[in-house]
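A short write-up of the structure that comes next.
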Amino acid sequence: MRAMVLQEIGKPLVFAERPDPTPARGELRLVVEACAVCRTDLHVVDGDLTDPHLPLVPGHEIVGIVDAVGEGVDTARIGRRVGVPWLGHTCGECPYCRSNAENLCDRPQFTGYTRDGGFASHVVADADFAFDLDGEADPVSLAPLLCAGLIGWRSLKKAGEGRKIGLYGFGAAAYIIAQVCLWQGREVYAFSRSGDEAAQHFALGLGAAWAGGSEQKPPVELDAAIIFAPVGSLVPAALKAVRKGGRVVCGGIHMSDIPSMPYAILWEERQLLSVANLTRGDAAEFFPLARQAGVRTHTTTYPLDKANEALEDLRAGRLSGAAVLVP
Ligand SMILES: [Zn+2]
Ligand SMILES: [Zn+2]
């Protein structure tokens with residue numbers, strides 16, 4: 001197999017040829033068709049997430065075709081298209097796993113972080129965390145749904161049923177979730193870096209009711225806001241934009257420090273909450289819904305050995321959709 005490997009935190013990924021991995025009991029192997037690049041991959045290579053399993057193959061928005069299965073896995077899965085997300089394995093026994101909150105498992109494994117991911121020609125995954133996907137669809141378009149889509153969906157559920165939804169940081173997740181919101185009949189208010197007119201244009205083109213800079217006040221009070229950008233100063237900005245009783249959801253795995261803020265902007269029963277990982281239940285809801293809603297993704301493809309360029313383009317904000325590696 002071919003892979004892009006993180007050997008040392010803060011260093012570029014290194015191209016490597018390795019023997020093809022063998023699926024163990026309960027696992028399957030995929031020939032990777034596409035793997036999207038997520039901001040979390042940047043947090044992994046930069047060392048913001050402190051527990052990577054080095055040397056590591058990053059990548060957790062994987063779409064591929066099953067070409068081998070381990071013991072105990074239905075051989076009928078061979079030849080099918082599956083998607084592998086960030087949550088790669090859970091223990092099934094801890095209090096969280098037993099209370100329908102496997103996203104908070106005490107002994108989880110994460111794809112492309114504590115187990116090898118999809119910046120590679122092949123990857124081995126837990127068969128229970130490989131979701132069947134549409135075999136007819138375009139694998140590149142599907143890839144961003146595996147994290148931007150799933151985490152976005154979980155964030156939107158946490159945001160509640162409100163009609164006026166603010167989205168802070170108009171990258172891959174916001175692009176997908178804005179479409180879901182519009183399909184559900186909600187209004188989208190899109191916030192991006194001040195002066196990023198391309199992102200604002202993009203949001204309006206998609207059907208957003210309003211687009212502006214992150215520090216701007218929207219023309220109406222929002223029912224809820226989701227923050228996808230890893231910027232702590234957006235928390236007080238979003239709290240000021242939501243109505244009494246409104247919610248602010250932080251959708252990222254890592255964020256810069258939240259500045260000190262007056263209690264008054266949280267008061268009146270505003271809620272601030274975070275989203276961690278995903279559950280298999282989220283996937284079971286989201287993939288059919290994305291199909292029904294006709295969710296499109298906006299992607300830029302890179303060959304596998306250009307993974308470092310894809311990461312740098314994401315870091316520099318040069319992407320309006322998602323970077324996707326095609327091995
Ligand atoms: Zn568990
Ligand atoms: Zn991700």
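Some points to look at:
- Candidates LEU142, LEU133: the one that is more than 15 Å from ligand 2 (Cβ to nearest atom) and under 18 Å from the mean Cα position of the chain (by Cα) is LEU133.
- At least 3 residues being in contact with a Lys or Arg (Cβ under 7 Å, 6 or more places away or on another chain) is the threshold, and among the strands (runs of 3 or more DSSP E) wholly inside region 170-287 those reaching it are 222-227, 242-250.
- The condition of being within 16 Å of ligand 2 (Cβ to nearest atom), under 28 Å from GLU187 (Cα atoms) and hydroxyl-bearing (Ser, Thr, Tyr) holds for SER155.
- The number of residues in region 300-326 being surrounded by fewer than 22 Cβ atoms within 10 Å (Cβ to Cβ) and under 25 Å from GLY195 (Cβ atoms) comes to 12.
- Restricting attention to region 41-73, the residues that are buried (at least 24 other Cβ atoms within 10 Å of the Cβ) and within 16 Å of the chain's Cα centre (by Cα) total 8.
- When GLU312 is tested against the conditions (1) touching a residue at least 12 places away in the same chain (Cβ under 8 Å); (2) in a helix (DSSP H, G or I), the lone failure is (1).
- Residue among VAL124, VAL84 that alone is away from ligand 1 (no atom under 16 Å from the Cβ) and either acidic (Asp, Glu) or in contact with a helix residue (DSSP H, G or I) (Cβ under 7 Å, 6 or more places away or on another chain) (or both): VAL84
- Selection status of ASP313, in the same structural domain as GLY135 (by TED's automatic domain parsing), modelled with pLDDT of 95 or more and out of contact with any Ser or Thr (no Cβ under 7 Å at 6 or more places or on another chain): yes
- Condition check for LYS157: within 23 Å of LEU273 (Cβ to Cβ), charged (D, E, K, R), modelled with pLDDT of 95 or more and surrounded by fewer than 21 Cβ atoms within 10 Å (Cβ to Cβ): yes
- Filtering region 9-26 to residues that are surrounded by 12 or more Cβ atoms within 10 Å (Cβ to Cβ) and charged (D, E, K, R) leaves ARG18, ASP20.
- Single residue of region 89-104 satisfying the filter (in contact (Cβ under 8 Å) with a residue 24 or more places away in the chain and farther than 22 Å from LEU28 by Cα) that is farthest from ligand 1 (Cβ to nearest atom): ASN100
- For LEU49, the conditions (1) at pLDDT 95 or above; (2) in a loop (DSSP other than H, G, I, E, B); (3) within 16 Å of ligand 2 (Cβ to nearest atom) all hold with the exception of (1).
The values are calculated or read from the model by the stated rules, or taken from the named source; none is laboratory data. The structure displayed is predicted, hence computed values, not measured ones. No Cβ is skipped: glycine too gets one built from the backbone with ideal geometry, and neighbour counts run over all protein chains shown.
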